[in-house]
Structures are given as C-alpha cells and as structure tokens.
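Data block below; observations after.
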Amino acid sequence: MTTTSSSSGLKGSNTFNRSEEGPIFGSCGTNDAGLAQLKILHILDHSLPLHSGYTFRTWSILEDQKRRGWAPVALTSPKHEASWNGPSQQIEEIGGFRFYRTGRSPSGSAPLVVEFQLIRLLANRIEEVAKIEKPALLHAHSPVLNVLAALWAGRRLGISVVYEIRAFWEDAAVDHGTYSADSWKYKMVQSIETWACRRAAQVAVLCNGIKNDLVQRGIPIEKLTVVYNGINPQNFRTLDPDEQFAKSFETGGKKVLGFVGSFYRYEGLDLLVKAFAELCKTRDDLVLLLVGGGEMERELREQVERMSLQSKVVIPGRFPHEDIPRIYSLIDILVYPRYSMRLTELVTPLKPLEAMAMSKALVASDIGGHRELIQNESTGLLFRPGDVSALAETLLRLLDDAGLRGKLARQGNDWVRQNHTWSKTTAVYLNVYKCALAKSKV
C-alpha cells in the first residue's frame, strides 16, 4: 500500500456450511447488469494509515469491490484525525483509493454536544464529497454516529444509505468503561441504533449474532445481510518458521503459544498469562508470544514481571501488517481466551480466521462469537470462558497431542478457504446494493 497526498467433510452447526443459510442473493436478483462501475461512498470511523482490525476489513472490502469493477471511495469521520498524529490533509490517495477527510471536531465535554458536532460536520462533508464524486450509494460503517450523518446527508441528496454494523457502539463503550449496560446513555444509544436500522435502505452486519439481535428488535430479516470477515489466501498461507523472528524472539526449540492482535480487556490475555504460568510448573519447553498492543499492555507486562515469567513471555509490541504472517509461522497454538460479555457473545473476531489460513491449531473460549467460526474438536478446541484451569488443561492436551494439532490445522485451513475468503464473503454486497438502489427509485 502506498500513500500520497492531495469444509468439506466438516459437520456440525449450520455456521459451518454457508450453503445451508439460503442463497447468497435475495429477492432483488442476482444479475449485476447495470452495476458496472458502480460508485459507492464509504463513510468510515477511521482508515489507513491507522492500523486496526477495522481498517484492514475496510481495505479488503475496497480491494474486492475494485476487482468487481466498482468504484469505491472513502470518507473518514473526525475520529480519524483524533487518532492520527501525523499531518492532516483533505484528501489522500492510498493504494489507488481516494480517502477524503473531515478534519478535527471542535473540542467539548458537554454530554451529547461533541457527538452532535461530529454528526453535523460529517454530514456536511458527505454532501461536499458527494457533489464531487457523485456516488450512487452511501455506505456508512459503524459506529452509529456515521450512519446518522449519512442519513441526514442522504435525505438532502436523494441517495440511499446502506448501514454496516461491525459491532454495537454501546457494547464497546461498556467494555471501555465509558458507561454501564443499565445506564440511560446505553439505552439511548441502543434506541438510536435501532432507529437508524429502520431508516437505512439495507443493513449489512458482521455476523449472525448481530443479525439475530436486530431481528429481536423488530428489524425485518429481509433487510439484513451478513457480510462475514474473510482472509486473503495469498497473504495468509502455510509457511515454515521464520528464522529471523525466531532468533529475535528466542523461540528456537520451544513450543510457542501465541496471540496476535489488539490488547483489549475483553480479549482475556491476563487469563492466558495465568494459564501459561500453570503450564510452566511442569514444562520448561514453552514460550508465550503476545504480539500487538493496546489498553492492557502495561498491565500485562506488570503481571508477567510479578509472576517472574520475563524469560518465558515475549511481548515485542506492534509490527507492520505485512510482517504478521511471518510471526504466525512461529506459533504452534494460537489462543483466543475472550471473556464472555454481550460484545463477545454477539461479535465474531477476525484473527481465528487468519490462524486457520496459516494452518495453525487454535484454542478459544466457548462464547457466541467464537462458536460462529470454530467447530469444537474439528477446527479448534473450545474451553469454558474465564476458567484458568480449563484453559490450561485444554492447552496441555493440545501440546501433548501432535496428531490432534495436525488435524485441527488441516481442517481449519480447508474450512476457511472454502467459506471465508474475502471474494466469497463480500459477494453479497451485489444484492445489498441492488436492493438499496431499487428503494431509491421508489
């Protein structure tokens, strides 16, 4: 990316056989005639050059839409500038895509004032960019502030709005400690989210957990389409262990347990360190590799020091996205010990798909977001969430059974390549956009 300015054989729940969920395309038809060179304005919280799971999903969507002959353009909200410490420009070209910027939102602290200012600024910027780019559709990605701005602008422009929910903003706020699940603000944001879904022409969601929650709120099921996370099979594939990283992390001759991603509190990495400490009481051939960073990094480093695990736990920080497959190559077992909470029960992560594509065995907590991706005993092992002993026992079982590790790795790799490449998971946008465009003509 360059930047310039200006399962077969797998049985179980129907989440493991996408064909059982019904046809990819709904009542709006399968014919893509008339959608050639379709221009879509994607409205985003943030984007590259910032690195996050959000930005990499966005990038994969843009790339696949370009391959289909469409013309995606992106616009970021003021939250991009709030997170980006580099120079700010009105428009950037990144890897052949145009990214328009909104600029920073005025500072403020009064309840709801900051959010309203962001919505107003973003809505005005959507109108400005739409007059330049002349998109056929507005595609607003969560959080909900983005779709409120898009609905405001779309009504004035006469353009239909597609809303894509990757996670509910109110649930993320609970995890971050911004407010509680029984607070008035939580209930208000949830109500606004439901209101926006009713008014958007179509709603795309990350997974079945979010879809089912919206159906319970009364959103018509025919209005909802699941756009699963995916992998690029060229980027994530089986590799021999990388000698340079093995030397740097001192993993040679060791069995490596690992996690790659953001250190959010709900990821349960503190639980993983405790379970690893239990394993180290009887084994001296283990290394725990935690690659990434975030809100839990300082606490994890302190925990490792407090438990005298400095020689066995490696926390090297963040790495460029292109280096991640080489880091995966070192790891024998990927571990995803997420805690059970509303967010993790509803939302599926991306990283287990990457691990499967790299032919890695994995262990994960038995929560809703993981059960959509992982079939216990076939593509991974699930353990009781929040239970240190259960995690340690599951890891020990897998460490002692090379045959099981190999089986999980092979079957996971087959399943993810059959069901979760980006070209397959994003194919459903064709029908989403056809339905949204049809509504704009009514």
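The values are calculated or read from the model by the stated rules, or taken from the named source; none is laboratory data. What you see is a predicted model, and the numbers here were worked out from it, not measured in a lab. Counting neighbours? That spans all protein chains shown, and the Cβs are built from the backbone with ideal geometry, glycine included.
Once the range 273-295 is narrowed to residues that are assigned to a loop (DSSP other than H, G, I, E, B) and over 24 Å from Ser340 (Cβ atoms), the residue that is nearest to the chain's Cα centre (by Cα) is Asp285.
Does Leu346 satisfy being under 30 Å from Leu151 (Cα atoms) and not assigned by TED's automatic domain parsing to the domain that holds Cys28? The answer is yes for Leu346. For the residues Ala204, Ala153, the requirement of being part of a helix (DSSP H, G or I), buried (at least 21 other Cβ atoms within 10 Å of the Cβ), small (Gly, Ala, Ser) and in contact with an Asp or Glu (Cβ under 6 Å, 6 or more places away or on another chain) singles out Ala153.
Would you confirm, using the coordinates I've provided, whether Asp213 is modelled with pLDDT of 95 or more, in a helix (DSSP H, G or I) and in the same structural domain as Arg318 (by TED's automatic domain parsing)?
The answer is no for Asp213.
Being in a strand (DSSP E or B) and surrounded by fewer than 19 Cβ atoms within 10 Å (Cβ to Cβ) is a description that does not apply to Pro325.
Take Arg417 and tell me if it is crowded, with 17+ Cβ neighbours inside 10 Å, out of contact with any Phe, Trp or Tyr (no Cβ under 7 Å at 6 or more places or on another chain) and not β-branched (Val, Ile, Thr). Spelling it out, Arg417 is indeed crowded, with 17+ Cβ neighbours inside 10 Å, out of contact with any Phe, Trp or Tyr (no Cβ under 7 Å at 6 or more places or on another chain) and not β-branched (Val, Ile, Thr).
Count of the range 364-383 residues, restricted to those that are surrounded by fewer than 24 Cβ atoms within 10 Å (Cβ to Cβ) and either touching a His at 6+ places or on another chain (Cβ under 7 Å) or within 19 Å of Gly403 (Cβ to Cβ) (or both), is 6.
Just checking, does the range 296-308 include any residue being within 23 Å of Trp415 (Cβ to Cβ), part of a loop (DSSP other than H, G, I, E, B) and not hydroxyl-bearing (Ser, Thr, Tyr)? Within the range 296-308, none of the residues are within 23 Å of Trp415 (Cβ to Cβ), part of a loop (DSSP other than H, G, I, E, B) and not hydroxyl-bearing (Ser, Thr, Tyr).
This table checks each residue for (1) under 26 Å from the mean Cα position of the chain (by Cα); (2) within 29 Å of Arg342 (Cα to Cα); (3) at pLDDT below 95; (4) part of a loop (DSSP other than H, G, I, E, B).
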{"site": "Gly108", "(1), (2), (3), (4)": "no, no, yes, yes"}
{"site": "Ala140", "(1), (2), (3), (4)": "yes, yes, no, no"}
{"site": "Asn146", "(1), (2), (3), (4)": "yes, yes, no, no"}
{"site": "Ala172", "(1), (2), (3), (4)": "yes, yes, yes, no"}
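Of all residues in the range 220-272, how many are under 23 Å from Ala167 (Cα atoms), assigned to a strand (DSSP E or B) and either β-branched (Val, Ile, Thr) or not assigned by TED's automatic domain parsing to the domain that holds Ala196 (or both)? So the answer is 7.
Number of residues in the range 35-67 that are farther than 19 Å from Ile159 by Cα and out of contact with any Phe, Trp or Tyr (no Cβ under 8 Å at 6 or more places or on another chain): the value is 10. Restricted to the range 332-442, the set of strands (runs of 3 or more DSSP E) holding at least 3 residues that are over 18 Å from Gly230 (Cβ atoms) comprises 361-365, 381-383. Restricted to the range 174-197, and to residues there that are among the small types (Gly, Ala, Ser) and part of a helix (DSSP H, G or I), the residue that is surrounded by the fewest Cβ atoms within 10 Å (Cβ to Cβ) is Ser191. For Ile91, the criteria (1) more than 22 Å from Thr225 (Cβ to Cβ); (2) out of contact with any Lys or Arg (no Cβ under 7 Å at 6 or more places or on another chain); (3) among the hydrophobic types (A, V, I, L, M, F, W, C); (4) at pLDDT 90 or above hold in every case but one, which is (2).
All told, Ala123 falls short of being surrounded by 15 or more Cβ atoms within 10 Å (Cβ to Cβ), modelled with pLDDT under 95 and touching a helix residue (DSSP H, G or I) at 6+ places or on another chain (Cβ under 9 Å). Considering only residues that are surrounded by 15 or more Cβ atoms within 10 Å (Cβ to Cβ) and more than 21 Å from Phe276 (Cα to Cα), which ones fall in the range 242-265? Once the filter is applied, which keeps residues that are surrounded by 15 or more Cβ atoms within 10 Å (Cβ to Cβ) and more than 21 Å from Phe276 (Cα to Cα), the range 242-265 yields Asp242, Phe245. Considering (1) part of a helix (DSSP H, G or I); (2) surrounded by fewer than 17 Cβ atoms within 10 Å (Cβ to Cβ); (3) of a type outside the set (A, V, I, L, M), the lone condition that Phe319 does not fulfil carries the number (1).
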